[in-house]
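Chemist: Supplied in structure tokens, the structure appears directly below.
The values are calculated or read from the model by the stated rules, or taken from the named source; none is laboratory data. Just so you know, these numbers come straight off a predicted model, no measurement behind them. Here the Cβ positions follow ideal geometry from the backbone for every residue, glycine too, while neighbour counts run over all protein chains shown. When the accessible area is computed, the model is the full protein with side chains, heavy atoms only, and any ligands, DNA or RNA have been set aside. Shrake-Rupley method; radii C 1.70, N 1.55, O 1.52, S 1.80 Å.
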Amino acid sequence: MGRPDPEEGQLPAPVKPPDGGWGWIVLFGCFVITGFSYAFPKAVSVYFKELMKDFHVGYSDTAWISSIMLAMLYGTGPVCSIMVNQFGCRPVMLIGGLLASAGMILASFTTNIIELYLTAGVLTGLGMALNFQPSLIMLGTYFDKRRPLANGLAAAGSPVFLSSLSPLGQVLLEKFGWRGGFLIMGGLLLNCCTCGAVMRPLDMGMKRKMGKAQDKYEAKEMLPIGGKSEEGISTTDGTKKAKKGKKKPKKGKKLLDFSIFSNRGFIIYTISKFILVLGLFVPPILLVNYAKDTGVPDTEAAFLLSIIGFIDIFARPACGMVAGLKWVRPHVAYLFSFSMLFNGLTDICSARASNYTGLVIFCVFFGISYGMVGALQFEVLMAIVGSQKFSSAIGLVLLIEAFAVLIGPPSAGRLVDALKNYEVIFYLAGSEVVLSALFLAVASYCCLNRGKKKEPPPENNPSAGGGSDTEEAESDVQEAEEHSSDNHQPAHSTDNAVVAANEEANHVAEEQSGEGGGCPAGDREVLARDGCNTDQTVERDSF
């Protein structure tokens, strides 16, 4: 069956997230982008020893390459938001893919560490940032009911790519050297352009045609006679164009919507996320060195990260499925809080692990909790602000997280150098994560749930809480309803005239009744037979 024809009396429905179809292609593109964005800065570390030899620098100097990449990924969030709001997701992602690839290709020709910072660090980091944020926005556009599952599957790209890019980098380093490896890695990043190309926006044609089709439909209903029908259609079309012209300034999109800071849920989420990032990334960064200090061989120590990655691959989609359950999704913020609490307690409980078995157990539980956090972090943000404001919200959140990323791991490293004790670092990191979990749960309960109980429930607000793409569609429907009421006005005025005429006739009949002693008997019988009453008061119909 084809799409209903509006002219046959069927009005087109507002565009809604399809929760499937082409959305699965968009999901795969987001999976690839997420994998490159999170795994690439870590996978580049396999080249650090060769860079130290060629450029005669220390480990801390080469480590700045990964740090700059992550800083660009987080710190350029507002810039990405502005570009997405101005140009759309697909063009921004295509430009980002070209920049990321160009950065690694140019890095293969560098002659000093500063040039590496500018190419592999700044240029590639900016390119990945321009891909990462728009891909999440498109994912929220295509999925609504299945969005938790979609976020979990997309987040699984990070551990999958980390477990594949690091061995691939080692092979490329052995066969082609670091310059050849950078060149091939740059070619791989061109796949970001392919992922950007599949991010086509939802068909907005139905939204644009909805108002016009509804006007034609109502004009035909009210003016069914040939010439008058066409005249009514042309009149409503002209009115529609005039109203569109007046409404254009209202629909202008803000480059960066700071009104989200008036949302208490967003403020609570941002503060909690800042505290979380201070301690979340510290244990996996220090885990290998911690294991070596306890006497674990190098190969077995490196395998610990593989355990975390393997568990993480399955934890993220599974958590996404759980978050999508009907009785869980309304409380997804509390599930996110539980995952953070689980992660923090894992850090604290494993601080005294002194053998390889204890570290393996820690990696299993850390992989589960870390995967839960990764699967839920953006789902909670979408649920709080909605998909219409998500592009601005994620940019501002990533900018704030950038400061935490630059504070947390470096501070932990300095404490290790000063104290020569990893236990304190694990206690500190775990305490920060637990604090963020408790803050999110308590603040959400006290500030949001109690506020909802005091405020009366909003009437007919389908976009509340779920983050569905309905705001623009609602405005078009309201506009069509305004035209509908305008088109009914001539009919109303005609009915009012009839009512007024009936009232006047009744008034005359009453006067005649008073003067002549009422209607003749024959006339009364006719009126009674016709169902009329000269004493009856005519009331207006309600419209």
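Chemist: So, in nm, how far is label Ile285 from label Ser431 when the simple model puts each one 7 Å beyond its Cα toward the Cβ?
Modeler: Between Ile285 and Ser431, the label points sit 1.9 nm apart.
Chemist: Once the piece of chain linking Leu256 and Asn112 is laid out straight, how much longer is it, given 0.36 nm per residue of separation minus the C-alpha distance between them?
Modeler: Fully extending the segment from Leu256 to Asn112 adds 48.1 nm.
Chemist: Using each residue's phi in region 255-263, evaluate 6.51 cos²θ - 1.76 cosθ + 1.60 at θ = phi - 60° and report the 3J(HN,Hα) Karplus result to the nearest Hz, with x for Gly and Pro.
Modeler: Values, residue by residue: 5, 8, 8, 7, 5, 5, 6, 7, 8 Hz.
Chemist: Charges at C-beta only: +1 for Lys and Arg, -1 for Asp and Glu. How large is the resulting dipole of region 17-221 about its Cα centre, in Debye rounded to 20?
Modeler: Taking the Cα centre of region 17-221 as origin, the dipole is about 540 debye.
Chemist: Using Cα pairs under 8 angstrom and six or more residues apart, how large is the relative contact order of region 257-450, in percent?
Modeler: 43
Chemist: OK, next. What distance in nm separates the simple spin-label points at Val364 and Ala197, each placed 7 Å from Cα in the Cβ direction?
Modeler: Roughly 4.5 nm, to one decimal.
Chemist: List, in the order given, every pair from Lys49/Lys420; Lys42/Lys326; Lys49/Lys273; Lys16/Lys326; Lys42/Lys292; Lys42/Lys420 whose Cα-Cα distance in the structure shown is over 30 Å.
Modeler: Working: Lys49/Lys420 24 Å; Lys42/Lys326 37 Å; Lys49/Lys273 34 Å; Lys16/Lys326 19 Å; Lys42/Lys292 19 Å; Lys42/Lys420 25 Å.
From Lys49/Lys420; Lys42/Lys326; Lys49/Lys273; Lys16/Lys326; Lys42/Lys292; Lys42/Lys420, over 30 Å: Lys42/Lys326; Lys49/Lys273.
Chemist: Keeping all protein chains in place, calculate the accessible area per residue for region 266-384 (probe 1.4 angstrom), answer in Å².
Modeler: Counting only protein heavy atoms, the per-residue value for region 266-384 is 40 Å².
Chemist: Next question, about the same structure. Mean separation of Cα pairs under 8 Å and 6+ residues apart, divided by the residue count of region 24-120: what relative contact order is that in percent?
Modeler: Relative contact order of region 24-120: 26 percent.
Chemist: Given R₀ = 25 Å, FRET efficiency for Cys447-Leu345 by Cβ-Cβ distance, to 0.05? Intermediate values should be presented prior to the final figure.
Modeler: Details: r = 25 Å, r/R0 = 0.99.
According to the calculation, E is roughly 0.50.
Chemist: Where does each of 293-305, 329-341 land if you order them by average Cβ count within 10 Å, highest first? Before the final figure, lay out the partial values.
Modeler: Values: 293-305: 14.5, 329-341: 20.4.
Final packing ranking: 329-341, 293-305.
Chemist: Moving on to the next point. If you average the alpha carbon positions of region 288-318 and of region 59-113, how far apart do those two centres end up, in angstrom?
Modeler: 28
Chemist: Separation between the Glu300 and Val424 pseudo-spin-labels, each 7 Å from Cα along Cα→Cβ, expressed in nm?
Modeler: 2.8
Chemist: If R₀ is 25 angstrom, what is the calculated FRET efficiency for the pair Arg414 and Asp54, using the beta carbon separation as r and rounding to 0.05?
Modeler: Step by step, r from the Cβ atoms, then E = 0.35.
Chemist: Starting from the exponent 0.38 and prefactor 2.2 Å, build the expected Rg for region 17-221 from its residue count and divide its actual Cα Rg by it.
Modeler: So the Cα radius of gyration is 1.21 times the expected 2.2 N^0.38 Å.
Chemist: Okay, moving on. Rounded to the nearest percent, how much of the accessible area of region 257-450 (1.4 Å probe, protein heavy atoms only) is carbon and sulfur? Could you put the intermediate results ahead of the total?
Modeler: Numbers: 5860 of 8310 Å².
Roughly 71 percent of what the probe reaches on region 257-450 is carbon or sulfur.
Chemist: Label region 108-177 by shape, choosing from rounded, prolate and oblate, from the square roots a ≥ b ≥ c of the eigenvalues of the Cα gyration tensor; if a/c is under 1.5 it is rounded, and otherwise prolate applies when a/b is larger than b/c, oblate when it is not.
Modeler: oblate
Chemist: With no solvent and one equal point scatterer per Cα, compute the Debye intensity ratio I(q)/I(0) for region 257-450 at 0.10, 0.14 Å⁻¹ and report its log10, rounded to two decimals.
Modeler: For the requested q values the scattering log ratios are -0.43, -0.80.
Chemist: Can you run phi through the Karplus equation (6.51, -1.76, 1.60; θ = phi - 60°) for region 393-400 and list ³J(HN,Hα) in whole Hz, with x for Gly and Pro?
Modeler: Residue by residue, region 393-400 yields 5, 5, x, 5, 5, 5, 4, 5 Hz.
Chemist: Using R₀ = 41 Å, calculate the FRET efficiency as 1/(1 + (r/R₀)^6) where r is the Cβ-Cβ separation of Phe403 and Lys175; round to 0.05.
Modeler: 0.55
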